Amino acid sequence: MQEYRLEEYPGLNLYIALNKIREEQDSSLQFDFVCRAGICGSCAMVINGRPGLACKTLVSTLSRTITLTPLPVFKLVGDLSVDTGTWFREMAERAGSWVHTDKEFDPEAEEERMSNEKAIEIFELERCIECGCCIASCGTANMREDFMGAAGLNRIARFMIDPRDQRDGADFFEVVGSDDGAFGCMGLMACDDLCPKDLPLQAQLSRVRRAMAKAAFAPKKKVAF
Amino acid sequence: MVETIITDVLVVGAGLAGERAAIEASSYGHDVIMLSLVPPRRSHSAAAQGGMQASFGNSAKGLGDNPDIHFADTVKGSDWGADQDRVRLFCDLAPVAARQMAHWGIPWNRVVAGKKQLPKDGSWIEDSKENEGLITARDFGGVAKWRCCYTSDGTGHTLLYTMDNVVVQLGIKMHDRIEAISLIYDDGTCYGVVARNLRNGEIRVYLAKSTIIATGGAGRLYGMMSTNAVISEGMGQALCLDTGIVPLGNMEAVQFHPTGLAHVSILMTEGARGDGGYLLDKNLHRFMPEYEPKKAELASRDVVSRRMVEHMRKGLGIEEAGDHFLWLDVRHLGKEHLETNLRDVTEMARDFVGVDPVKELVPVRPTQHYTMGGIRTNIDGAASGLKGLYACGEASCWDMHGFNRLGGNSVAETVVAGMIVGRKVAEHLEGYEVSYPTHVIRDAVARQEDRINRLVKCSDGKENCYEVSAAMSEILEKRVHIFRQGPELEKAVSELQEVYARALKIGLRSNGVGVDPELAQALKIPGLVRMALCVAYGALKRTESRGSHYREDFPSRDDKNWLKRTLARWPEGAELPELKYGKIVITESQPGDRGYGESARKD
């Protein structure tokens, strides 16, 4: 563990603080910031024991001594930088994170209609920024590297509720109907508590589990969610 | 020999424009590799908030809209600086591109039938039952119709996630944490890039029949005083400028967004004003209608930003905690609207300046936001000067924005231009073969290895790269801003030349081993200062006011002498860019009155 000392001033957040340390004290220090506005998910780290976004964490809300460590579960790049990109790309591949449809896009045709409520419902789950806080704080993910975690289950839920996706219950069961998916969760729910975007992750776990239960009992039938 | 990776199409930058181009090229069967500084979903495209312009005309206030009206708005917005053949192509294709995104899964907000009262003026509108469920739109600056399609205020995020889903579906290879540090070219042809692996510091070569630069804007030339992400440094443009062959167009055309959050420069979407927000001064007076009777807060961004600064210069801004700002008032939109349609900006105001927009006024000031200039290309996205080199999105000067981009036209450009350029690249590759000259590759790698060695050994000096970069930003922020004047610009150019001399003497404090973030930064600085000089020198030489480029000493637009595009090249060893000027394509609309801004002013 390396130690740095820094003078605090009002409004100082961890984004500014870490950059000051790199520019003035340790030019080799590694960390990741991109948007510095809480929307890109790059700067998640463990801040005094809790995963969170560094850019929107004010130093004034923390103890005088601040302990920062990289997110667990993800492969370490160096210091506070971890490889979330590879993890989330693999998750997207496993989840089939795209609209599965046999319809071809017709550039001449009017768009398929959708209710605004449905659009908002999808948007709510699409708000995940892949920061990895839910994965780092997950008991199962820390023990089993193949667990999809809350972000993965949320992604599945996002496509389950999308009327454009033609996958049915049995299709989704193949993706998440195991201990690596919906049944791996131990119910600690740190993911739901710590999500910086306040995604309703617990509700998505329930949604996916209910759908899996239905699909298990009626695997041949199209299941509506 | 360093690790060498060969592909058909190399896309540098994995934001919306790069990914859309990659998808198109891949769908023609070409092998595509994408390079990205960061995991692709972290690209700055994700930060676009308000929406994407596409002239559906589905919403009540959009009825009757069509690509012709979108064209007229865009050309006016550009202050007749845009190439109209591209604007036409763009406006015709924007609805197709937006529908394709819907097909791919973006949850566009939809038309809800019924009567609604607008918070801004209390007037009533009614959305028809007939259009219910179609893609809806919100109002934005400088437009005649509500045309901005959106998903709450997270439009860039949903577009990027949807686009990257398709990238995953197609199995397009994504090499993230890789930074291109030089183009490889010889005798008028581009062969790919030399890159540095940001996971371990190793040098790699990527060879490709076509290289597409889609690295986004250069907002960080203005340092912390930009809404842009920290990775938006404009490195793609800098690599092109380094060739001395490829010109950058209109680098002096820099957009300042009216509503950057004071103290932290984070974007507060134009959608906040589109949905009915006001700007207030220190006396809580709504001042914009006096300056802009027709459009008020929704004139084009260049105009609103100037009016705000003008108003603050009269002593009517608020000075607090080292910043100077005005108020954005969205309280009358109501909690529900703010927490659904303007959710991200509401959270950002709460998280970053401790202000709750539901109950309080939000401190805002004009802040660097968009780079209209960039790698000059033809209508197919092919860069001038090097065969096989293309550019699209904010990195390019394709040029549909001229001297001022309209809000909502940038994400729209990324998906439309990405589609067009990807297709043109794919067509170009049909039956096209290339031989890679090994001595050229060897020399390109040797040059970069030499630069790295010199930085590590401090062979040229011990200048601190962070200090040099801060000095550059300070000059641009102070002297090449919203209001510009000859003497200030002259100072900016000479001061930047001094900074450039320092940039050539950078040496590392770290040892250059492995990832070394200081080395990554040090490698970029000379190129960034060259770009800053293109901005300042281009602004000095352009003795007129057009769009975002406003010269207090030359306050009028001068179509007789300046209806032309600045083209900046940097010959090897030069101390200043060499400026030439190129024609602007005018097909349908002759330069005229914008209907807002200084030209419409009667006083």
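The values are calculated or read from the model by the stated rules, or taken from the named source; none is laboratory data. Everything quoted here is computed from the prediction, not taken from an experiment. Here the Cβ is made from the backbone with ideal geometry for all residues, glycine too, and neighbour counts use every protein chain on show. When the accessible area is computed, the model is the full protein with side chains, heavy atoms only, and any ligands, DNA or RNA have been set aside. Shrake-Rupley method; radii C 1.70, N 1.55, O 1.52, S 1.80 Å.
Here are some notes:
- Of the residues making up segment B:411-458, just one is aliphatic (A, V, I, L, M) and not in a helix (DSSP H, G or I), namely B:434.
- In summary, residue B:187 fulfils each of the numbered conditions (1) within 22 Å of residue B:383 (Cβ to Cβ); (2) surrounded by 20 or more Cβ atoms within 10 Å (Cβ to Cβ) with the single exception of condition (2).
- Single residue of segment A:160-215 satisfying the filter (touching a strand residue (DSSP E or B) at 6+ places or on another chain (Cβ under 9 Å) and either outside the structural domain of residue A:135 (by TED's automatic domain parsing) or aliphatic (A, V, I, L, M) (or both)) that is surrounded by the most Cβ atoms within 10 Å (Cβ to Cβ): A:194
- All of B:475, B:525, B:482, B:584 fail the test of being crowded, with 16+ Cβ neighbours inside 10 Å and over 22 Å from residue B:219 (Cα atoms), apart from B:584.
- Residues that are open to solvent by 20 Å² or more (accessible area, probe 1.4 Å), among the aliphatic types (A, V, I, L, M) and touching an Asp or Glu at 6+ places or on another chain (Cβ under 9 Å) within segment B:73-98 comprise just one, B:96.
- If you filter segment A:73-89 down to residues that are more than 9 Å from chain B (Cβ to nearest Cβ) and assigned to a strand (DSSP E or B), you find that the one that is surrounded by the most Cβ atoms within 10 Å (Cβ to Cβ) is A:82.
- Of the residues making up segment B:316-351, those that are under 24 Å from the mean Cα position of the chain (by Cα) and of a type in the set (D, E, K, R) are B:343, B:344, B:347.
- Of the set (1) at pLDDT 95 or above; (2) under 20 Å from residue A:202 (Cβ atoms), all apply to residue A:186 but (1).
- Checked against the criterion of being part of a loop (DSSP other than H, G, I, E, B) and more than 19 Å from residue B:416 (Cα to Cα), the candidates B:57, B:29, B:50 yield just one match: B:29.
- Residue within segment B:99-117 that is away from chain A (no Cβ under 14 Å), at pLDDT below 95 and open to solvent by 10 Å² or more (accessible area, probe 1.4 Å) present: yes
- Search result, residues across segment B:16-34 that are surrounded by 24 or more Cβ atoms within 10 Å (Cβ to Cβ) and in contact with an Asp or Glu (Cβ under 8 Å, 6 or more places away or on another chain): B:17, B:19, B:25, B:32, B:34
- Qualifying position, being over 18 Å from residue B:271 (Cβ atoms), touching a residue at least 40 places away in the same chain (Cβ under 8 Å) and not hydrophobic (A, V, I, L, M, F, W, C), among B:320, B:360: B:320
- Every residue from segment B:331-345 that is more than 11 Å from chain A (Cβ to nearest Cβ) and open to solvent by less than 40 Å² (accessible area, probe 1.4 Å): B:333, B:334, B:338, B:342
- Subset of segment B:58-93 [among the small types (Gly, Ala, Ser) and within 12 Å of chain A (Cβ to nearest Cβ)]: B:59
- Any pair with Cβ under 8 angstrom, 6 or more apart, that starts in segment B:531-560 at a residue that is on the phi > 0 side of the Ramachandran plot and ends at one that is assigned to a loop (DSSP other than H, G, I, E, B) and at pLDDT 95 or above: B:547/B:78; B:547/B:79; B:547/B:81; B:547/B:253; B:547/B:372; B:547/B:402; B:547/B:403; B:547/B:404
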